[in-house]
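Asker: I have a structure I would like to understand better, so I am pasting it below and will then ask my questions one at a time.
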Amino acid sequence: MSALFDARKCLFYALGHTTRTAKPIFRTPLTWTLHEGGQGAEKEAWAVIGPHSMRLVKALFKQSDKPVPATSLTHPLAAQQGVFPWETYSVANFSTRLSSASDGFVDYTARYGSLRGDETLTVSAYLQSRAELGGSRDDKREALVAGVARRLDLERLLDRPLIGLSNGQSRRLKIAHALLQQRSLLVLEEPYTGLDPPSRHRLSDLLHALHDAAAPSVLLLLKPSDELPEYITHVLHIGDDGCISMGPKKTVVEAVEKAQKIADGGSAYTTNAQVGLGETSDRVLVDMRNVTITHRNTPILNNISWKVRVGERWHLQGYNGSGKTTLLSLVTGDHPQSYTKDITLFDSPRNRIATTQLATLIGTASPEITAAFPRSTTLTAFDVVATGFSGVFCYRPTRDAEEVERVHHLLKELTPDVDPKTPYTQLSQSEKNCLLLARALVGKSPLLILDEPFQGMLPADLKRARKYLQTALNSDQAVVFVTHYEKEVPWDIEKGRYIRLKDGRVDFVH
Ligand SMILES: Nc1ncnc2c1ncn2[C@@H]1O[C@H](COP(=O)(O)OP(=O)(O)OP(=O)(O)O)[C@@H](O)[C@H]1O
């Protein structure tokens, strides 16, 4: 089998910058050959770790940065197939939801209501259309889609509307989409973020099998904090300084971990016994009694009763699709069925309290909000945090000096390297996530709903954010923290409260 690319002492320069005046993007000359399906001297399976990994992939395949010398980068497989190098790979990227076609605000609550027009597009129809675009022949298309749906455990979901898929389910669909393009290499950008542990294992097994059979070969792009799947044998690490180190997994990982410990003084996941716990009282902020939610005869939540009191710190857990986001949408008032259920919020029956008022009483951060936040906005970093006072998605002027100071305080604590005047769109994904967490915290709301708030954060940002949650919340603020990973919970989980959902039911609570 041919190599996808062959780089020999290759340096990359930003287009338009001469090699005389500019520094190379990556400081280390790259010598790396990626073979299909891990062929070669050893069967290699590679992961690239570091914030600029996608830039490296684009430089290698699209020459979006200039390779120097020009002869130092070749693409034997593309040459053999008579195609362009960028036609030999597809990318599955997980930073936006599938339904978000525009640059404006995406109404992430639409999934809870009655669906209209293009919102009714089903998983099955979507996959068929992607297979068609991927060039699959009519007579082969059905079988191809059925095979991909089976491998990604999507068969049960084929009749669901796209918009109804949970975060984890839509990730599997994105991988299916990339597979249907039938390229030689599948590049997955942070595929594990937001997946529950069994789904992670299943995905690793699938990627391993695909890669081994070169059907297609797989290249993973991961964050430094991600666990490396077992089947990965080799790692290429790009440091913040642009230096590249590469080789067998164990050697590279040990060296990187050592360097990181020295650089930032230890792990992000330390917890002292009492850190982060609030002072509880008997006042109940959220009271749900025997709540059941169905969508077109599909049961989503089943007979849920749950109370959240002042100062309580809750860890909410449950596998992908178990109903966590739906449960929280009843608390935030985003779910239309919340009006007709037995739910009391902040001492009022749900139908007596306006959703806009709830938005000021609850600070929320979630992958849905991250994906929905307008990308065509002119908002600056400062403005984005200030929208949190009213929980809105458009410019909201600060009212007084106290509000201005509060925004600056959070910017300093959570994004110290970001100029408050920087347009939101120019920031990295990790910086955006920190700002959206600051947005949730800015109003010091009595209730915080933090749904996987660390998703997409780089280790230094995560460490800063977690420390802030441990030390700077008011003791009477109640928090619901959603994560698949106990080590992310900012307080001592033995002392905090816990609720686990399974198939829409409360499976365990303490
Ligand atoms: N409008 C809808 N139509 C059909 N099914 C829906 C709809 N909205 C949600 N669902 C289904 O309800 C289930 C619960 O979804 P929810 O987003 O609450 O799960 P979750 O626990 O938050 O998952 P994740 O961890 O993946 O985010 C999923 O199986 C989802 O497909």
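Every read-out reported here was derived from the displayed coordinates using simple, explicitly stated rules and does not represent laboratory data. Nothing here was measured: the structure is a model prediction, and the numbers come from that model. Using ideal geometry, Cβ is built from the backbone for each residue, glycine included, and neighbour counts are taken over all protein chains shown.
Asker: Over all directions, average the projected area of the Cα convex hull of the range 124-249 and note it in nm².
Answerer: If you wrap the Cα atoms of the range 124-249 in a convex hull and average its projections, you get 8.7 nm².
Asker: Using a cut-off of 11 Å between beta-carbons, work out the net charge of the residues near Pro24 (Lys and Arg +1, Asp and Glu -1, Pro24 not included).
Answerer: Residues near Pro24 contribute +2 overall.
Asker: Which ³J(HN,Hα) values in Hz, rounded to whole numbers, follow from the phi angles of the range 302-308 under the Karplus curve 6.51 cos²θ - 1.76 cosθ + 1.60, where θ = phi - 60° and Gly and Pro get x?
Answerer: 10, 6, 8, 10, 7, 10, 10
Asker: Additional query: Normalising by the residue count of the range 284-509, find the relative contact order in percent from Cα pairs under 8 Å and 6+ residues apart.
Answerer: Answer for the range 284-509 is 29 percent.
Asker: Which of rounded, prolate or oblate describes the range 337-416 when judged by the alpha-carbon gyration tensor and an a/c cut-off of 1.5?
Answerer: Verdict is prolate for the range 337-416.
Asker: Checking the table Lys258/Lys495; Lys223/Lys502; Lys223/Lys249; Lys467/Lys487 against a 21 Å threshold on Cα-Cα, which pairs fail?
Answerer: As for pairs spanning more than 21 Å Cα to Cα, those are Lys258/Lys495; Lys223/Lys502.
Asker: Now for a separate question. I want to verify the translational diffusion coefficient of the chain in µm²/s; compute it with Stokes-Einstein, Rh as the Kirkwood radius over Cα pairs, at 37 °C and 0.692 mPa s.
Answerer: Estimated diffusion coefficient is 134 µm²/s.
Asker: Using the alpha-carbon atoms, what tilt in degrees (0 to 90, nearest 10) does helix 138-151 show relative to the longest principal axis of the chain?
Answerer: Here the helix axis deviates by roughly 60 degrees.
Asker: What's the exposure ranking of His409, His335, going from fewest to most Cβ atoms within 10 Å?
Answerer: Fewest to most other Cβ atoms nearby, the residues stand as His409, His335.
Asker: Next question, about the same structure. Among Tyr468, Tyr339, Tyr424, which comes first, then next, by fewest other beta-carbon atoms within 10 Å?
Answerer: Ascending Cβ contact count within 10 Å gives the list Tyr339, Tyr468, Tyr424.
Asker: Let me ask something additional. How long is the range 13-89 along each principal axis, judged by its Cα atoms, biggest number first, in Å?
Answerer: Reported extents, whole Å, longest axis first: 39, 29, 19.
Asker: Another one. Can you give me the angle between helix 459-471 and the longest principal axis of the chain, using Cα atoms only, in degrees from 0 to 90, rounded to the nearest 10?
Answerer: 10 degrees
Asker: How much net charge surrounds Lys502 when only other residues with a Cβ under 15 Å from its Cβ are counted (Lys, Arg +1; Asp, Glu -1)?
Answerer: Computed value for this residue: 0.
Asker: At what distance in nm do the modelled label points of Thr33 and Glu155 sit from each other, each positioned 7 Å from its Cα along Cα→Cβ?
Answerer: Result for the modelled spin labels: 4.1 nm.
Asker: Show the residues, 5+ positions off or on another chain, whose built amide H is closer than 5 Å to the amide H of Tyr13.
Answerer: For Tyr13, the qualifying residues are Ile25, Lys66, Val68.
Asker: For the pair Thr21 and Lys140, how long in nm is the line joining their label points, each one 7 Å along Cα→Cβ?
Answerer: 4.9 nm
Asker: Let me ask you something else. Taking R0 as 45 Å, what FRET efficiency do you get between Thr378 and Asp212 from their Cβ-Cβ distance, rounded to the nearest 0.05?
Answerer: Calculated value: 0.40.
Asker: Any chance you could give the angle, 0 to 90 degrees and rounded to 10, that helix 249-264 forms with the longest Cα principal axis of the chain?
Answerer: 50 degrees
Asker: Here's something else I'd like to know. Sort 57-63, 341-347 for me by packing, meaning the mean count of neighbouring Cβ atoms within 10 Å per residue, highest on top.
Answerer: In decreasing order of mean packing, 57-63, 341-347 become 57-63, 341-347.
Asker: For the chain, what is the percent of antiparallel DSSP beta bridges, rounded to the nearest 5?
Answerer: The antiparallel fraction comes to roughly 50 percent.
Asker: Suppose only helical runs count, i.e. DSSP H with n ≥ 4. What mean residue ellipticity at 222 nm does that imply for the chain under -39500 (n - 2.57) per run, divided by all residues and rounded to the nearest 500 deg cm²/dmol?
Answerer: Here the helix-only value at 222 nm equals -9000 deg cm²/dmol.
Asker: Can you tell me the order of 187-198, 246-257 when each peptide is scored by its average per-residue count of other Cβ atoms within 10 angstrom, highest first?
Answerer: Going from most to least packed, we get 187-198, 246-257.
Asker: Still on this structure: Which far-off residues, 5 or more places away or on another chain, put their amide H under 5 Å from the one on Leu219, with H placed in the peptide plane?
Answerer: Counting only residues 5 or more places away or on other chains, the set is Leu186, Val187, Leu188.
Asker: May I ask you to derive the relative contact order of the chain, considering only C-alpha pairs under 8 Å and at least 6 residues apart, and to give it as an integer percent?
Answerer: Contact order relative to length: 17 percent.
Asker: Let me ask something else. Over all distinct Cα pairs, what is the inverse of the mean 1/r for the range 284-509, reported as the Kirkwood hydrodynamic radius in Å?
Answerer: Across the range 284-509, the inverse of the average 1/r is 17.9 Å.
Asker: Let me ask you something else. If we count other beta carbons within 10 Å of each Cβ, what is the order of His237, His17, fewest first?
Answerer: Ordered from fewest to most neighbouring Cβ atoms within 10 Å, His237, His17 come out as His17, His237.
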